[in-house]
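Q: Have a look at this one.
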Amino acid sequence: MSVLRAVACLLLAAPLIGCTVLENTTITPRPSGAPPPSETVRSLVLPFDAYEMTENELHATANARDSLTRVCMNDRGHEWPVVRRPTDAPRAAHRRRYGIVEDAVAGRYGYRVPEALFDPHGVQAAQRSRDEGLAPAQQEAVHGSGGKGCERTAFDRLNPGPRPDFDDFNRLKGDIFAVFQRSPEARAYTTAWSECMKRKGHDYRDPFAAVRDRRWSSGLSAASPARGEVRTARDDVACKETTGLVDGWRRAEAALQNRAVEEHSDYFRALGRAKEEQLARVAAVNAKP
């Protein structure tokens, strides 16, 4: 409920203005129980990361959007449960960028990628539970028709004016990811990893071939991965650690990303400014009680 409406409800008889007392709730996500990101994952940072939202920045943005949505929903006479997402979570964005890189994850999931792995705080489950519990009138108010729902109103408040085109960014990121693996430096690490895996009884040309092994997909209906998959995944991680593949690949990919930032400096400056401006708007909303 907006401040003006709340004051009006206090000063005037509720039936005269159609006021209702809205019991807004706050939902605290439940941790999913997934292993926390390892130091290898937390330290895996690339140049392009500076131009994308981190997990914590995405959570802060979603918290601000939820707060603005609640104001709009209250003004329309509806409650809006707010999901309080954590904003101090360790980095996990590149958890599977180079295949599986954590022994604890390999031991529990094999090559599977459950939602919990990238959402250890249970945010997605909390959002689904909230959305599935909305009454039809709430769904209409939040989604609206013709772009007039409260969700869109909140989005527009946080994103006024034109937004930078991320198509070029995503294209560059995808192209570089494919190209760096063919560089001599990256290939040396790939070859060393493959030879290490052969010594352990596995024949894969690169880490992604291990991930795509059809034997693992055929067992997805089982509640947990088979012992053979777990053993292979743990050997995969061990070979990455022995050969230094993760840091070697990171250096090769980072070199190409840095070159792209230099070659497209105006574009990346625009992306950086847009991110800073949006985060400033997000911080202003979240600073309000």
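The values are calculated or read from the model by the stated rules, or taken from the named source; none is laboratory data. Please read all numbers here as calculations on a predicted model, not as lab measurements. Cβ placement follows ideal geometry from the backbone for every residue including glycine, while neighbour counts extend to all protein chains displayed.
Q: Given the criteria over 25 Å from Gly272 (Cβ atoms), among the aliphatic types (A, V, I, L, M) and in contact (Cβ under 8 Å) with a residue 12 or more places away in the chain, does Ala62 qualify?
A: Against the criterion (over 25 Å from Gly272 (Cβ atoms), among the aliphatic types (A, V, I, L, M) and in contact (Cβ under 8 Å) with a residue 12 or more places away in the chain), Ala62 does not qualify.
Q: How many residues does the stretch 162-175 hold that are assigned to a helix (DSSP H, G or I) and touching a residue at least 12 places away in the same chain (Cβ under 8 Å)?
A: Going through the stretch 162-175 one residue at a time, the tally reaches 4.
Q: In this structure, is Glu229 of a type in the set (Asp, Glu), surrounded by fewer than 19 Cβ atoms within 10 Å (Cβ to Cβ) and over 25 Å from the mean Cα position of the chain (by Cα)?
A: No; evaluated as a whole, the condition is false for this residue.
Q: So which residues in the stretch 194-215 are within 25 Å of the chain's Cα centre (by Cα) and in contact (Cβ under 8 Å) with a residue 60 or more places away in the chain, if there are any at all?
A: Answer for the stretch 194-215, where residues must be within 25 Å of the chain's Cα centre (by Cα) and in contact (Cβ under 8 Å) with a residue 60 or more places away in the chain: Pro207, Phe208, Ala210, Val211.
Q: Restrict the check to the stretch 65-87 and report whether at least one residue is of a type in the set (Lys, Arg), in contact with a helix residue (DSSP H, G or I) (Cβ under 7 Å, 6 or more places away or on another chain) and under 24 Å from Arg171 (Cα atoms).
A: no
Q: Sticking with this structure for a sec: Kindly provide the set of residues from the stretch 247-289 that are closer than 20 Å to Leu68 by Cβ and not in a helix (DSSP H, G or I), ordered by number.
A: Ala287, Lys288, Pro289
Q: Tell me, please, whether a residue that is touching a helix residue (DSSP H, G or I) at 6+ places or on another chain (Cβ under 9 Å), more than 16 Å from Arg96 (Cβ to Cβ) and modelled with pLDDT of 95 or more can be found in the stretch 205-212.
A: yes
Q: Kindly evaluate His59 against the criterion of being more than 30 Å from Tyr189 (Cβ to Cβ), of a type outside the set (Val, Ile, Thr) and over 15 Å from the mean Cα position of the chain (by Cα).
A: For His59, the condition - more than 30 Å from Tyr189 (Cβ to Cβ), of a type outside the set (Val, Ile, Thr) and over 15 Å from the mean Cα position of the chain (by Cα) - is not met.
Q: Does Ala34 satisfy being surrounded by 17 or more Cβ atoms within 10 Å (Cβ to Cβ), among the small types (Gly, Ala, Ser) and in a loop (DSSP other than H, G, I, E, B)?
A: Yes, satisfied.
Q: Next up: Sort out for me the helices (runs of 4 or more DSSP H) sitting completely within the stretch 97-161 that have 2 or more residues that are surrounded by 21 or more Cβ atoms within 10 Å (Cβ to Cβ) and modelled with pLDDT of 90 or more.
A: 103-109, 136-143, 150-158
Q: Now a separate question. Hey, can you tell me all the residues within the stretch 52-96 that are touching a His at 6+ places or on another chain (Cβ under 8 Å) and crowded, with 20+ Cβ neighbours inside 10 Å?
A: Hit for the stretch 52-96 is Arg85, nothing else.
Q: Further question on the same structure: State which residue is surrounded by the fewest Cβ atoms within 10 Å (Cβ to Cβ) when the search covers only the stretch 176-225 and only residues that are in a loop (DSSP other than H, G, I, E, B) and acidic (Asp, Glu).
A: By that ranking, first place goes to Asp203.
Q: Here is a follow-up. Here are some conditions: (1) closer than 19 Å to Glu102 by Cβ; (2) of a type outside the set (Val, Ile, Thr); (3) not in a helix (DSSP H, G or I). Arg231 meets all but one. Which one does it not meet?
A: Of everything listed in (1) closer than 19 Å to Glu102 by Cβ; (2) of a type outside the set (Val, Ile, Thr); (3) not in a helix (DSSP H, G or I), Arg231 misses just condition (3).
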